[in-house]
Structures are given as structure tokens and as C-alpha cells.
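One structure below.
The values are calculated or read from the model by the stated rules, or taken from the named source; none is laboratory data. Please read these numbers as outputs of a predicted model, since none were measured by experiment. Because the Cβ atoms are built from the backbone with ideal geometry, glycine has one as well, and the counts that use them run over all protein chains shown.
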Amino acid sequence: MATSPNAYRSSDAEGAEALHRLVMASLDDDQAVDTISIPLAGKSSIADHMVIASGRSTRQVASMAQKLAERIKAETGRSARIEGLPTADWVLIDAGDVIVHLFRPEVRSFYNLERMWAFGDAPMPVSH
């Protein structure tokens, strides 16, 4: 059964921001490395935010992805879609309003999504 690309999108900006805060807090709790957030609202219809972060190993990347999906389900009641979990080199979590890319550092530098999606704007680095 096919779903529309916006099937998991929130109808209000407040819900999208709450989900973004949840994602950022979860990644911080799980000690994600070099986390950045790229605002997509008004630039793309796929999501309001894209978050990119690294884990130190495939085990950490997989653990962060699983915990994030569980937290999203617990807080919002919606199941996030996950791709790439078996190898955990690059895991994509589609939470609707927020798209999360979790990488091993070598894979992240190879694909360089920050540069592709920044649209000339500097991504927002997250400080601890």
C-alpha cells in the first residue's frame, strides 16, 4: 500500500518544532557526534528539518536510530520509518516533519549531505 509523501507530516508548525526538539534531545542523550540541523521549511516539501549526526561505530549508529524511533513512537504515537539499520553505515529515519540521517564518520564525509542541502546557508551546528 503506497502512502503519500506527506502522510506523516504534522499539520501545525508547533508539532514539527516539538518533534525537532525531541530528535535533538535524543541524539544529545545518546552522544551523537557533530550534530547539525538544516531548516527545510519553505525550501522543500519533504520535511521542516533535516538533522545529520554521526556515531562512532555501526553499533552506536544502530542504537541511536532504534532509541530515537522508540522515543518518537512513545511521544507522538507515530512510527518513524527506518532504512539502513542492518548495516548501520547510514541510517535514515523519516519521522515526517523531521528527517534524520545517522552516519559513521567515514560515510558521512563521503556523501557530504550538509553541503548538498545547505542551499548556500550555513547549517546550524549544535553546541553542547
Do you know which residues across the stretch 41-67 are buried (at least 23 other Cβ atoms within 10 Å of the Cβ) and more than 19 Å from residue 105 (Cα to Cα)? 47, 48
Is it the case, given these coordinates, that residue 84 is of a type outside the set (A, V, I, L, M, F, W, C), closer than 16 Å to residue 32 by Cα and either in contact with a Pro (Cβ under 9 Å, 6 or more places away or on another chain) or at pLDDT 95 or above (or both)? no
What pairs come up if the first residue lies in the stretch 40-58 and is in contact (Cβ under 8 Å) with a residue 12 or more places away in the chain, the second is among the hydroxyl-bearing types (Ser, Thr, Tyr) and assigned to a loop (DSSP other than H, G, I, E, B), and their beta carbons are under 8 Å apart, counting only those six or more places apart or on different chains? 58/87
Go over the candidates 64, 50, 24 one by one and state the one that is within 23 Å of residue 114 (Cβ to Cβ), modelled with pLDDT under 95 and among the aliphatic types (A, V, I, L, M). 50
